[in-house]
Amino acid sequence: MPRAGVNTPGRPLAPATIRPAGGGAPSSPAMGQLVLAQIYLDRGQMQAAFSMIEVAARSGSAPALNMLGRAYERGWGVTPNPLLAMQYFEMAAQQNYGWAFFNMADLYMAGHGLPRDVERAYALYVRAAQAGVAKALNMIGLLHEDNNPPSIAVARQYYMAAAEAGDCWGALNMARLALQAGDIPAAQAFFCQTLETGFDACFMAMQKLLPFMPAPYGADLMERTNQRLRRQP
């Protein structure tokens, strides 16, 4: 069965970018500029978004520096530059901004533009989790599941912690493990939680798991998942 939360470029931009935690109040000029940048990104106006992010980053706020790193990582209105992205993530991480640790870990996991380093990524996911990023708990779980031999029991603990903290990927991985164990009621409960907390990329990953759910649960959940996807902007 496909696992959830691995290399998901469609993860929501807002939690990873304009969150006020760890630097900058929501009412600060920089945060207002990031909100405008997010609107430009949603509209596909990448050059305008990058200009606004760059202005916001001059404030030195962690969310703005992190978002500038994301712009260089993803090529939002600028040529992708993983090394420069890492520099901005590091600057945000110096203010203990959780999503900066998470994004640094993702870069080390991907190994695009810099050497792949799973051990360093793991340590950074831990730092992100300690700073309150629930999605990092899911990633730690995935890395334990990737161990040779796999540490499924440990992975399950992290998935459960992520799900309890409101992360849709953690809930989806808990549903997958329950389904593999034949615990259909638990799988259904975690799929329902995924529907409550997820977004489009998470729902599409859920669609790949639902064919393994027995009738009538699978069909009902698939219809609800399709409805959620149709409601996405």
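The values are calculated or read from the model by the stated rules, or taken from the named source; none is laboratory data. Model, not experiment: these values are computed from the prediction. Surface areas here come from the heavy atoms of the whole protein model, side chains and all, with no ligands, DNA or RNA. Shrake-Rupley method; radii C 1.70, N 1.55, O 1.52, S 1.80 Å.
Take the solvent-accessible surface of the protein heavy atoms, probe 1.4 Å, and return the percent of it on the chain that carbon and sulfur atoms account for.
54 percent
Where Rh denotes the Kirkwood radius from the mean inverse Cα pair distance, what is Rg over Rh for segment 23-126?
Radius of gyration over Kirkwood radius for segment 23-126 works out to 0.98.
Give the accessible area for Ser151 in Å² (nearest 10); use a 1.4 Å probe, count only protein heavy atoms, and leave out ligands, DNA and RNA.
It works out to around 30 Å².
Taking only protein heavy atoms into account and a 1.4 Å probe, give the accessible area per residue of segment 32-110 in Å².
40 Å²
Can you pull the accessible area of Arg156 for me, 1.4 Å probe, Å² to the nearest 10?
Taking all protein chains as shown, Arg156 has close to 100 Å².
Return P(r) of segment 100-233 (all Cα-Cα pairs; 10 Å bins starting at 0; whole %; ordered from short to long distances).
13, 39, 32, 14, 1
Segment 145-215 to segment 114-140: how many Å between their Cα centroids?
Using only Cα atoms to place each centre, the spacing works out to 19 Å.
Taking only DSSP H segments of four or more residues, each worth -39500 (n - 2.57), what value at 222 nm results for the chain once the sum is divided by all its residues, to the nearest 500 deg cm²/dmol?
So the helix-based figure for the chain works out to -21500 deg cm²/dmol.
Given the convex hull of the Cα atoms of segment 84-161, what is a quarter of its surface area in nm²?
The orientation-averaged projected area of the Cα hull of segment 84-161 comes to 4.8 nm².
Quick one: length gained pulling Gln95 to Leu114 fully straight, 0.36 nm per residue minus the C-alpha distance?
Full-extension gain reported as 4.5 nm.
Segment 125-182: percent of C-alpha pairs farther apart than 16 Å?
Of the Cα pairs, 35 percent sit more than 16 Å apart.
Using θ = phi - 60° and the Karplus form 6.51 cos²θ - 1.76 cosθ + 1.60, what ³J(HN,Hα) does each residue of segment 72-85 get, whole Hz, x for Gly and Pro?
Taking θ as phi minus 60°, the curve returns 6, 5, 9, x, 7, x, 8, 5, x, 8, x, 5, 5, 4 Hz for segment 72-85.
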